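Please read the structure below before turning to the comments.
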Amino acid sequence: MELAINLGLGGWVLIAAGALIFGGAAQLIGEPRAGLAWLVDAIAFAIGAIVASEFITAFQDSGPMSDGLAVIPALVGGLVVGVIVDVVMRLVTGGTYTHGAASA
């Protein structure tokens, strides 16, 4: 068994776009304390998407494919890994998922 990632340019573009959207959305929720938390979240999303798309082969025949990317497993894998990394980052850096109360 050899490791082979069979993504075309369109698949890589979809992963990059999804990762940047996830990272930006995670940065806008609450108050992250790390300035580059969005980048760490985006990288985690991309890694989860690639691993899920390429190694969870049960859905490659039945779900939508885009230039070698199994879309549904990639989305689920990216979200799972991205959310886990975001939660850990918030706990470690002291960030919150709520905005501070406004003073009167």
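In this structure, ILE5 does not satisfy being in contact with a helix residue (DSSP H, G or I) (Cβ under 9 Å, 6 or more places away or on another chain) and either modelled with pLDDT of 95 or more or not in a loop (DSSP other than H, G, I, E, B) (or both). Of the residues making up region 67-104, those that are at pLDDT 75 or above and surrounded by fewer than 16 Cβ atoms within 10 Å (Cβ to Cβ) number 12. Contact map, region 7-31: residues that are over 20 Å from GLY95 (Cβ atoms) and surrounded by 14 or more Cβ atoms within 10 Å (Cβ to Cβ) paired with residues that are of a type in the set (Phe, Trp, Tyr) and modelled with pLDDT of 90 or more, Cβ distance under 8 Å, separation 6+ or inter-chain. Pairs shown: GLY18/PHE45. Taking the criterion of being of a type in the set (Asp, Glu) and in contact with a Ser or Thr (Cβ under 7 Å, 6 or more places away or on another chain), the only residue of region 1-56 that qualifies is GLU31.
The values are calculated or read from the model by the stated rules, or taken from the named source; none is laboratory data. Computed from a prediction, not measured in an experiment: that's the story for all the values here. Note that each Cβ is placed from the backbone with ideal geometry, even for glycine, and that neighbours are counted across all protein chains shown.
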